[in-house]
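Here the structure comes first, spelled out in C-alpha cells, and everything after it is commentary.
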Amino acid sequence: MDILKPLLLTLLFTLSLGLSAAETININTADQEMLMSIKGIGEKRAQAIIDYRKEHGPFKSIDELAE
C-alpha cells in the first residue's frame, strides 16, 4: 500500500489548509465523489481510500493515516 502514504499525507495537508467545519470531510464515511472534492484527490486515490477502509476498517487516529 505504498500509494496510501502520499495519499493520506495529501489529505492531511489539504484538510489543514483551513477548511471550515461545513467543508470538513470525514474520510471514514465519505463516498468516492465526496473524497474527490478534496483538491489533489482524484478517482484512483479516492477509490484507494475506500478500498483501505473496507480492508482495514475506519481510520482510528492521525498516526494510522501515515501507515
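A few remarks follow.
- The stretch 12-54: number of residues that are at pLDDT 70 or above, assigned to a helix (DSSP H, G or I) and within 14 Å of residue 64 (Cα to Cα): 3
- For the stretch 55-67, taking the residues that are assigned to a helix (DSSP H, G or I) and charged (D, E, K, R), the one that is farthest from residue 7 (Cα to Cα) is identified as 55.
- Selection of first residues in the stretch 40-65 that are open to solvent by 50 Å² or more (accessible area, probe 1.4 Å) and of second residues that are in a loop (DSSP other than H, G, I, E, B), restricted to Cβ pairs under 7 Å at least 6 apart or on distinct chains, gives the following pairs, ordered by first then second residue: 58/28.
The values are calculated or read from the model by the stated rules, or taken from the named source; none is laboratory data. Keep in mind the model is a prediction, meaning the values are calculated, not measured. In this analysis, Cβ positions are derived from the backbone assuming ideal geometry, glycine residues included, and neighbour counts consider all displayed protein chains. When the accessible area is computed, the model is the full protein with side chains, heavy atoms only, and any ligands, DNA or RNA have been set aside. Shrake-Rupley method; radii C 1.70, N 1.55, O 1.52, S 1.80 Å.
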